[in-house]
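Asks: The following block contains the structure, expressed as structure tokens.
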Amino acid sequence: MPDEIQVADRKPEKIIAPGYTFGTVTDQIATVVLTKRTPVFWIASFGVGLVLLLLFLLAVGVLLAKGVGIWGIRVPVMWGFAITNFVWWIGIGHAGTLISAILLLLNQKWRNSINRFAEAMTLFAVACAGMFPLLHLGRPWLFYWLFPYPNTMNVQPQFRSPLVWDVFAVSTYATVSFLFWYVGLMPDLATLRDRTHNRLARFTYGIMAMGWRGSARHWSIYETASLLLAGLATPLVLSVHTVVSFDFTIGIVPGWHSTFFPPYFVAGAIYSGFAMVLALAIPLRSVYGLKGLITDTHLDNSAKVMLGTGLIVAYAYIMEAFTGWYSGNVYEHAITINRMTGPYATQYWTLVACNIVAPNFLWFKKIRGTPWLLFTWSMIVLVGMWLERYVIIVSSLAQDNLVSSWRVFQATRWDWATYVGTIGLFLFLFFLFIRLLPMISIFEVRTLLPQAKVEEERG
Amino acid sequence: MKVPFYGVIAEFDNPSALVAAARTAREQGYRKMDAYSPFPIEELTDALHLHHNRLPLIVLIGGLTGGALGYLMQYYVTVWDFPINVGGRPLHSWPAYIIITFEMTILFGAISCVLGLLGLCRLPQPYHPVFNVPRFAFASRNRFFLCIEATDPLFDKQKTVAFLESLEPKEVSEVAH
């Protein structure tokens, strides 16, 4: 019998910097919220968010007054910016759920210090995403027509349509993300309740914490609940972008009608989501001095996930071009050539640079280990993924089967105002969250400390 | 019998001491007790024999209910309430129902999970006697508590306090109602 393979005794990996205690971890994270002093960085970022949010409100006001014609959507490109932005935002949200649910089930401890703000990012990204299909309805105040309810018009939604599936998928995703995030917050809200000296804050956090007291009975049920919610959220997050991709694949528009869209969309979502996580984590940890909790290991791991999913996305582009040629279908063939050489060639080749070429630089440890470079890379990825959705939607619709209906899409200033406005909405909500709630899960970071390990005398 | 106070509580400064104390208390025969810690401790769950809870069952029932409702809703609408005949295709087009059935399963499962968590924990409960102990504010920071409740049959104020003192805690105090 051959010798058994010896498993090398690996040193336990250091996830957070040494020297922390339960008390210092708690105080460092809670102080960001409980202090009276607000950093200039926060005021500046919140200010930018607020200004852009006002722009968004203006754009929505004009939209409601004049109708969707203020956007550049004209036959045949009726989806234009709205659906591009919807898919982009909802994709960004996916990384948060991946970190909080999938990495929990995979027992990846490093997630503990980034899951909270990543989940908040998910929530706010889904809120921004939801704005677009809603505003794109034309008469957003009638949105409830999308749900089945007994009505005097005697009509019902078409349940065989992917657009109705989307309504259910996205609203479920928003609800479950919120529940997961709130359940995760409860113990930390109790910490804030116990730490604050302000009566109003104590009352508010106390109500929100629901009387959490850290009882062992509660913790045992709580742990079961976390695992169950993670188990529910995992297939959910994969399903949401799959359903979003069904919006395209179920149609017969050339360049949309293909079976590899679901995995390709999910990978792209996680790719752009991790870019957003890095874009938020890198400045936050510097400003708030949290480099001991969000360490270089976290950035490195996130960059690796970005590299991995980026390669899947790159593979999908290559397959897309290959299928266009190999299918022998003249329309598929034409749309592929049109994308590369037609009116959207600039956008197409920029996205190739951003999503096929750029992620390969993440093989180098130098880039993964240099925060400002990584920040730059995540911006490149976010731009690349936006362009990807733009090219898929706009180029396919602008030049479809019928040559006589071809028309090139031109975005108007209101298209840009609405899009940039949702970035404002996102920043506004995110920085409010940073100021009012703990951005790192305090109780989960406590479990990472070496002191948290129980030493028992075994008799 | 109404006792004038809720129980006695001992404070420890590390999780190992709390788990050891909970085990000893259990071996001594105490049953009506609870431990409080700033983060979940698996060994503590084990020491207090808390492994079983009905949450998975609640979530299963919730999820199945959601799935069934989702499917039946689509069946009712597309077959009975608002049938649309598209080239003679079957009205009961189950493959198209899969997505919404799945989403409704997840939605109801997750909602019943959260409601189940709150229900089984008897939360929200803004008031609880342990909050009367001033030091208890540290239970959400860096201190670990073991509370033996006055309703325990073995509870006797002197003896229980003496027992808790023997576990070498930082402090033992009485919990008022």
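Asks: Does A:Thr422 count as in contact with a Cys (Cβ under 8 Å, 6 or more places away or on another chain) and β-branched (Val, Ile, Thr)?
Replies: yes
Listed here are the residues, each with its yes/no results for (1) free of Cβ contacts under 8 Å to residues at least 40 places away in the same chain; (2) among the small types (Gly, Ala, Ser).
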{"position": "A:Val77", "(1), (2)": "no, no"}
{"position": "A:Ser100", "(1), (2)": "no, yes"}
{"position": "A:Arg111", "(1), (2)": "yes, no"}
{"position": "A:Val126", "(1), (2)": "no, no"}
{"position": "A:Pro157", "(1), (2)": "yes, no"}
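Asks: Now for a separate question. Mind counting the residues in the stretch B:1-57 that are assigned to a loop (DSSP other than H, G, I, E, B) and basic (Lys, Arg)?
Replies: Looking only at that region, the number is 4.
Asks: A follow-up question, please. Go through B:Gly119, B:Gly87, B:Gly70 for me and flag whichever is within 10 Å of chain A (Cβ to nearest Cβ) and over 30 Å from A:Arg193 (Cβ atoms).
Replies: Only one candidate qualifies: B:Gly70.
Asks: Identify all residues within the stretch B:131-144 that are facing chain A (nearest Cβ under 7 Å), out of contact with any strand residue (DSSP E or B) (no Cβ under 6 Å at 6 or more places or on another chain) and in contact (Cβ under 8 Å) with a residue 12 or more places away in the chain; write none if there are none.
Replies: B:Ser140, B:Arg141, B:Asn142 - these are the residues of the stretch B:131-144 that are facing chain A (nearest Cβ under 7 Å), out of contact with any strand residue (DSSP E or B) (no Cβ under 6 Å at 6 or more places or on another chain) and in contact (Cβ under 8 Å) with a residue 12 or more places away in the chain.
Asks: Conditions first: (1) buried (at least 19 other Cβ atoms within 10 Å of the Cβ); (2) within 30 Å of A:Pro76 (Cα to Cα); (3) of a type in the set (Phe, Trp, Tyr). A:Phe426 passes all but one, so which condition is the exception?
Replies: (2)
Asks: Something else about it: What residue, of A:Phe168, A:Phe159, is at the interface with chain B (Cβ under 7 Å from one of its Cβ atoms), among the hydrophobic types (A, V, I, L, M, F, W, C) and assigned to a loop (DSSP other than H, G, I, E, B)?
Replies: Testing whether each residue is at the interface with chain B (Cβ under 7 Å from one of its Cβ atoms), among the hydrophobic types (A, V, I, L, M, F, W, C) and assigned to a loop (DSSP other than H, G, I, E, B) leaves just A:Phe159.
Asks: Out of curiosity, is B:Thr105 surrounded by 19 or more Cβ atoms within 10 Å (Cβ to Cβ), facing chain A (nearest Cβ under 8 Å) and polar (S, T, N, Q)?
Replies: Spelling it out, it is not the case that B:Thr105 is surrounded by 19 or more Cβ atoms within 10 Å (Cβ to Cβ), facing chain A (nearest Cβ under 8 Å) and polar (S, T, N, Q).
Asks: So which residues in the stretch B:125-177 are part of a helix (DSSP H, G or I) and aliphatic (A, V, I, L, M), if there are any at all?
Replies: Scanning the stretch B:125-177 gives B:Val130, B:Ala137, B:Ala139, B:Val161, B:Ala162, B:Leu164.
Asks: Now for a different question. Residue by residue through the stretch A:187-197, note down the ones that are part of a helix (DSSP H, G or I) and more than 8 Å from chain B (Cβ to nearest Cβ).
Replies: If the condition is that a residue be part of a helix (DSSP H, G or I) and more than 8 Å from chain B (Cβ to nearest Cβ), then A:Asp188, A:Leu189, A:Leu192 are the ones that fit.
Asks: Only one of these is facing chain A (nearest Cβ under 8 Å), touching a strand residue (DSSP E or B) at 6+ places or on another chain (Cβ under 9 Å) and either more than 30 Å from A:Leu236 (Cβ to Cβ) or surrounded by fewer than 16 Cβ atoms within 10 Å (Cβ to Cβ) (or both): B:Ala25, B:Ala35, B:Ala47. Name it.
Replies: Within the list B:Ala25, B:Ala35, B:Ala47, the selection yields B:Ala35.
Computed from the coordinates by the stated procedures, all read-outs in this text should not be read as laboratory data. Because the structure is a prediction, the values reported are computed rather than measured. Because the Cβ atoms are built from the backbone with ideal geometry, glycine has one as well, and the counts that use them run over all protein chains shown.
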